[in-house]
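> I have a structure here, written as structure tokens, and I will follow up with some questions on it.
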Amino acid sequence: MPEYTISPENGDDWPSLPVGGLAHHLLPRSVPSEVVTDSDVLVFRVGGATVSTSWELAGTWYVGIEGAESSESADLVAAEIAQRLGDATGTRPVHRRVTD
């Protein structure tokens, strides 16, 4: 299962997300998706994959993608989540794959 971390490029902590559920700010717009859970953890399905996104450590968001069609498709979903997080907070994000 590909796993990713998303951190601010400048190394600071993330600013708070504006009002609204995680799905409002983080759900990819480029692919159809279905929200499973939208609370402290955002879980959604995209194609045959289940994606989990959560705040883990100070300055770090976690994305896990189970059942992705390919590494490339998982990378694209993680990249879009990172971009949406950056757009929502006005921060430049950096995402890194931590496991395959």
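The values are calculated or read from the model by the stated rules, or taken from the named source; none is laboratory data. In this text, all values refer to a predicted model and were calculated from it rather than measured experimentally. Methodologically, a virtual Cβ is constructed for each residue, glycine included, from the backbone with ideal geometry; neighbour enumeration extends over all protein chains shown. For the accessible areas, the whole protein counts, side chains as well, though only heavy atoms, and no ligand, DNA or RNA atoms are used. Shrake-Rupley method; radii C 1.70, N 1.55, O 1.52, S 1.80 Å.
> Taking a probe of 1.4 angstrom, what is the accessible area of Val41 in Å², to the nearest 10?
50
> With the other protein chains left in place, how much accessible area per residue, in square angstrom, belongs to the chain at a 1.4 angstrom probe?
On the way: 5520 Å² over 100 residues.
I get 55 Å² per residue for the chain.
> Give me the extension gain from Val94 to Glu9: residue separation times 0.36 nm, minus the current Cα-Cα distance, reported in nm with one decimal.
Extra length available between Val94 and Glu9 comes to 30.1 nm.
> Something else about it: Mind computing the radius of gyration and Dmax over the alpha-carbon atoms of the chain? Å is fine for both.
Using the Cα atoms of the chain, the pair Rg, Dmax is 12.3, 34 Å.
> Rank these residues by their accessible area, most exposed first, probe 1.4 Å: Val31, Val98, Val51.
Descending accessible area places them as Val98, Val31, Val51.
> Any chance you could check the Cα centroid distance between segment 55-100 and segment 1-44 for me, in angstrom?
Centre-to-centre distance over Cα atoms comes out at 8 Å.
> Let me check against my output: what whole-number percent is the relative contact order of the chain, with C-alpha pairs under 8 Å and at least 6 apart? Walk me through the numbers on the way to the answer.
On the way: 198 pairs, mean separation 41.1, N = 100.
The value is 41 percent.
> Could you size up the charge dipole of the chain around its Cα centre, putting +1 on the beta carbon of Lys and Arg and -1 on that of Asp and Glu, and report it in debye to the nearest 20?
Working: 6 positive and 15 negative charges, 37 e Å.
So the magnitude is around 180 debye.
> If packing is taken as the average number of other Cβ atoms within 10 Å across a peptide's residues, how do 75-81, 8-14 rank, most packed first?
Values: 75-81: 20.4, 8-14: 12.9.
Highest to lowest by the protection proxy: 75-81, 8-14.
> Still on this structure, I have one more. Quick check: residue separation of Arg45 and Leu17 times 0.36 nm, minus the Cα distance between them. What number comes out in nm? Walk me through the numbers before you get to the answer.
Numbers: separation 28, 0.36 × 28 = 10.08 nm, distance 2.20 nm.
7.9 nm is the gain from fully extending Arg45 to Leu17.
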